Structure formats: structure tokens, C-alpha cells
Amino acid sequence: MNDKAIDAELVGTLPAAIATRITSARRSGSVAGLVVDVAGLDTRARGELEQALKDLVGARPGVSEVRVVMTAEKKPRRILAVGSGKGGVGKSTLAANLAIALAHSGTRVGLVDADIYGPSQPTIMGVEGIRPEATEKQLIPVPTPSGVPVLSMGQIVPPGKAIAWRGPMTAGALSQLVDADWGDTELLVVDMPPGTGDVQLTMIQKHKPAGAILVSTPQDLALIDAARAGQLFDQSGVPIVGLIENMAGYVCPHCGQMSDPFGAGGVEAAAERLELPFLGRIPLALAIRESGDAGKPPAASDDAAVAEPFHAIARKVQAWLAANA
């Protein structure tokens with residue numbers, strides 16, 4: 001019999017969800033051999049699929065043994081850089097919550113805290129003081145309560161210790177974080193340090209992000225610096241996914257009056273001027289600050305009022321990633 005007839009005999013009545021994963025089915029005497037694509041399945045799901053195949057195909061007349069070989073095409077892991085022109089604009093908070101919101105939509109996401117001199121992701125993600133383990137000279141990302149694994153120099157260097165490193169050392173540290181054992185993670189959200197220094201150059205030259213997101217507050221000084229950061233990515237061939245306006249509007253908890261201590265609409269206007277997408281704005285809200293300090297990122301919250309701005313931005317980012325796959 002030809003291979004196609006044997007395939008039909010072995011897998012013809014299998015459920016579609018299982019049959020579509022079979023790339024080869026051969027029979028030699030009473031032994032059935034199956035090659036199965038398990039891309040995107042975790043260890044438990046792979047085990048369940050293997051057992052189901054052995055049970056179903058093993059019930060075929062004349063089949064006494066089922067051998068299953070599992071394969072998975074390893075797709076290149078993509079990197080999404082979150083940058084800013086200056087510090088203090090809420091870039092780290094945005095990066096953490098964006099990673100969580102993307103994970104909630106089904107993307108397998110990891111978070112890298114590349115802000116070597118001012119790492120804050122261990123605090124934001126609720127894993128402060130937990131050191132990563134290592135195997136075969138690779139770091140193992142630290143799991144977090146929100147489900148997004150994270151690696152940061154803040155988990156390696158003792159708390160409160162100043163990091164006084166020159167360029168080559170910071171470049172080595174970044175590579176150690178990015179080249180860690182991220183498993184089946186398909187997207188790394190990288191919280192970049194502010195500005196345009198050694199870490200940014202190493203990221204662009206060695207790891208080449210799929211795209212970059214720029215975060216700024218609305219006032220002119222922050223926008224000037226954000227534009228410089230954008231130029232670095234643009235000149236290096238890294239596409240700008242879009243701009244995000246942070247600390248956009250404050251609602252007084254006492255009177256309900258809206259005010260704009262940092263101005264309003266500056267980032268959206270800049271995006272229009274630069275012909276770049278505007279991804280959205282995050283309000284200057286006490287709940288966002290308090291939850292971040294407490295290690296409970298608002299994107300993981302059941303409170304839609306604080307979570308939805310991050311999820312709305314994540315949907316636009318996910319659409320960009322899909323369109324630029």
C-alpha cells in the first residue's frame with residue numbers, strides 16, 4: 001500500500017483537532033508510527049495528546065504498538081522594546097502591564113528588565129527578593145503571580161546595591177537576561193533604560209527587536225527626549241509600533257474634577273506629526289501607582305477601570321504583531 005492509504009487507515013476517523021497535528025503516519029506490520037506536530041502545546045498537553053493517539057490508533061485492527069514522535073518547529077522569539085527618552089515617565093509600569101495584558105490575550109510572554117542601573121520590575125511584578133536559578137549557564141526566569149515570567153538585574157544584585165558598570169558589562173548583563181531559558185515563550189517585552197546608551201545599542205545590534213514602543217508624558221520636554229529615542233530605533237531599522245501617553249489626566253478623588261498637570265494630548269499630537277500610530281493613554285491614577293508599589297500590576301486586576309487602558313493598548317500591539325509577523 002502507498003503511504004497515503006496507510007495514513008487514511010490509521011488516522012481517518014480521528015478527531016480533527018488531533019488529526020491535523022499528524023504530519024506522518026506509517027505502519028510496519030503491527031507497529032504504527034506517528035509523527036506529530038506539538039508546537040504551542042505545554043508539557044501536560046503533549047502528554048495528553050500522546051496518550052490519546054496511543055489509545056485511539058492502538059484500537060485499530062491489527063495494531064499492537066503505537067510509537068509517537070513529537071516535533072515542534074521552533075519559531076524565532078520576537079522582542080518588543082519599550083523605551084523612553086527620559087526617566088520618570090512610567091515606562092516600567094507600562095512595560096509590565098503591557099506584558100500581562102498580552103499574556104491574558106493568549107500570547108506566551110516573558111518580561112526582561114533591561115534597565116540595568118534602575119531595575120524596578122521585581123517590585124512591580126511582586127517577586128522582589130526572589131533570585132533566579134540557573135542551569136547549563138542559563139538563567140531560569142522567575143515566575144510571577146500574574147503568570148508572566150521575569151528576569152531583572154534587580155533579582156541578581158543585592159537589594160539597594162548600586163550598579164556601577166561600564167558599557168561592556170551592561171551589554172553582557174543584557175545578553176544574559178535575553179538569552180535565558182525562556183522555554184516556549186514567543187514574545188519578550190523588554191523594559192529598556194531611558195535614553196540612547198550602551199544597552200539600547202546592544203539590544204539593537206545583537207538582539208534586533210521586532211518593534212519598539214515609546215512612552216512619554218504629555219509635556220514638551222519629555223516629548224523632545226522621546227523623539228530622540230525614536231530616532232535611534234528608526235535609524236537602526238527597528239520599526240516604531242507606536243507612542244503611548246502616560247500620566248494623562250488626573251481625576252480628583254474629592255471633587256471629581258479632571259486636571260492635566262502634565263498637559264494633555266501632547267503625545268497624540270506628536271504621533272500625528274511624526275506619522276506614527278498613537279496606541280493610547282494611561283491616566284495619572286492613584287490606584288495604578290499603589291498597585292504597582294504593592295507588586296499587584298493593575299492589568300491583572302479585576303477592576304476594569306484600572307485594567308482596561310492597558311488591555312486596550314495591548315490589543316493594538318497584538319494587531320501590529322500579527323500584521324508584521
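Here are the numbers:
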{"read-out": "Amide hydrogen neighbours beyond the local backbone of GLY183, cut-off 5 Å, H modeled", "value": "none"}
{"read-out": "Long-range amide H partners of ALA72 with built H, under 5 Å", "value": "VAL38"}
{"read-out": "Proportion of all alpha-carbon pairs of the stretch 151-213 beyond 14 Å (%)", "value": "62 percent"}
{"read-out": "Calculated P(r) tail over 21 Å for the stretch 86-166, as whole % of Cα pairs", "value": "29 percent"}
{"read-out": "Quotient of Cα Rg and 2.2 N^0.38 Å for the stretch 201-293, N being how many residues it contains", "value": "1.23"}
{"read-out": "Sequence-separation-based contact order of the stretch 174-325, relative, with Cα cut under 8 Å and 6+ spacing, percent", "value": "17 percent"}
{"read-out": "Highest average packing first - 88-97, 245-254, Cβ atoms within 10 Å", "value": "88-97, 245-254"}
{"read-out": "Overall Cα dimensions of the stretch 10-112 - principal axes, largest extent first, Å", "value": "70, 21, 18"}
{"read-out": "Cα Rg, Dmax (largest Cα-Cα span) when computed across the stretch 93-251, Å", "value": "15.5, 51"}
{"read-out": "For the stretch 21-45 versus the stretch 53-87, the gap between their alpha-carbon centres in whole angstrom", "value": "11 Å"}
{"read-out": "Cβ crowding within 10 Å averaged over residues, with 219-227, 41-49 ranked highest first", "value": "219-227, 41-49"}
{"read-out": "Amide H partners (placed H, <5 Å) of GLY33, local residues excluded", "value": "ARG26, ARG27, SER28, ARG67"}
{"read-out": "Principal axis box of the stretch 212-262, alpha-carbon based, largest edge first, Å", "value": "48, 19, 8"}
{"read-out": "Dipole of the stretch 116-258 [Lys/Arg +1, Asp/Glu -1 at C-beta], most positive-end residue of LEU187, GLN200, PHE233", "value": "GLN200"}
{"read-out": "Dimensions in Å of the chain - Rg and Dmax from alpha carbons", "value": "23.8, 81"}
{"read-out": "Relative contact order, percent, the stretch 1-135 [alpha-carbon distance under 8 Å, six or more residues apart]", "value": "16 percent"}
{"read-out": "Whole-angstrom gap from the stretch 218-254 to the stretch 260-296, using each part's C-alpha centre", "value": "8 Å"}
{"read-out": "Theoretical ellipticity at 222 nm over the chain - DSSP helices of four or more residues, -39500 (n - 2.57) apiece, nearest 500", "value": "-11000 deg cm²/dmol"}
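Here, each number is a calculation from the coordinates, and none is a lab measurement. Everything quoted here is computed from the prediction, not taken from an experiment. Here Cβ is always computed from backbone atoms with ideal geometry, including for glycine, and neighbour counts include all displayed protein chains.
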